[in-house]
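Asks: Sharing a structure, written as structure tokens. Questions coming.
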Amino acid sequence: MFGIGFTELLLVLVVALLVLGPDKLPEVARTAAKAYNDLRRTGLDLKRTVTDMDLSGVVKEGLDVKDKRGEKSTKNTSTAETSRVKDSDDASSGKAT
């Protein structure tokens, strides 16, 4: 399960029994199990919410972004194309690279 063998698990249980005592161990185990289940359920709800979200509008906006000159964004172009566009912009503005 967590890469813990039977002997390690048994050792942890024996130490927990010695530290907490036989009276409190079942109560602590129940509380820990409830907390784990609540945390797992919250994570699954969050995952379900994110999965069910309609992200089609966000993706569409990202693809239709235009820069100041009215050209399509260079997000999806290769590095060489982006570098070439940047160099031409620097040359036209008088900047040296």
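The values are calculated or read from the model by the stated rules, or taken from the named source; none is laboratory data. In this text, all values refer to a predicted model and were calculated from it rather than measured experimentally. A quick note on method: Cβ atoms are made from the backbone with ideal geometry, for glycine too, and the neighbour counts reach across all protein chains shown.
Each row is one residue, and each column tells you yes or no for (1) surrounded by 11 or more Cβ atoms within 10 Å (Cβ to Cβ); (2) β-branched (Val, Ile, Thr).
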site: LEU11; (1), (2): yes, no
site: VAL15; (1), (2): no, yes
site: PRO22; (1), (2): no, no
site: ALA29; (1), (2): yes, no
site: ALA33; (1), (2): no, no
site: GLY43; (1), (2): no, no
site: ARG48; (1), (2): no, no
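Asks: Within segment 32-42, does at least one residue satisfy the condition of being touching a Leu at 6+ places or on another chain (Cβ under 7 Å) and at pLDDT 90 or above?
Replies: So far as segment 32-42 goes, no, none of its residues is touching a Leu at 6+ places or on another chain (Cβ under 7 Å) and at pLDDT 90 or above.
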